[in-house]
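Remarks on the structure that follows.
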Amino acid sequence: MKILYVEDDEGSHQLMILVIEKTISGADITVATSGEEALEKLQETQFDLILTDNCMPGMTGVELTRRARATGIQSMIVVHSSDDFEEETLEAGADDFLHKSLGAVDIVKKLSVLLEDRAGNADPGP
């Protein structure tokens, strides 16, 4: 499971990485500290999940989502923020919006469910 985590706050991304590694089996996490850096990494590697903060200097997570979708990126994209950007996030093409008030553990649990749902929908079944 290749995950791109986009977060400009080092303290936040260290905590989230720790929780992801303990919760999502086989998580291979790449960190980008800006939307611009994330776009560069998306040109180099295909990720299963992009988890991005919205409020970052320069490019927001909503703008990153728009740009990623415009270039054909099909990865699951989840934006999280302390502020309510749900409508903008979904309109930009994100798969979901999670409020940071949930806390890192609950955010990662929700990500796990989203990933399982997506994997289940991709399975053609018998």
Within the range 41-100, restricting attention to residues that are without any contact (Cβ under 8 Å) to a residue 60 or more places away in the chain, charged (D, E, K, R) and in a loop (DSSP other than H, G, I, E, B), which residue is surrounded by the most Cβ atoms within 10 Å (Cβ to Cβ)? 95
Meets criteria (at positive phi and either in contact with a helix residue (DSSP H, G or I) (Cβ under 7 Å, 6 or more places away or on another chain) or among the charged types (D, E, K, R) (or both)) for residue 72: no
Residue 15 passes all but one of (1) without any contact (Cβ under 8 Å) to a residue 24 or more places away in the chain; (2) surrounded by fewer than 16 Cβ atoms within 10 Å (Cβ to Cβ); (3) aliphatic (A, V, I, L, M); which number fails? (1)
Going through the range 19-36 one residue at a time, which ones are touching a residue at least 12 places away in the same chain (Cβ under 8 Å) and more than 18 Å from residue 76 (Cβ to Cβ)? 33, 34, 36
Residue check for residue 27: surrounded by 15 or more Cβ atoms within 10 Å (Cβ to Cβ), closer than 15 Å to residue 112 by Cα and of a type in the set (A, V, I, L, M): yes
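Read-outs throughout are calculated quantities, based only on the coordinates presented, and are distinct from any laboratory measurement. In this text, all values refer to a predicted model and were calculated from it rather than measured experimentally. Ideal geometry is used to build each Cβ from the backbone, glycine not excepted, and the neighbour counts take in all protein chains shown.
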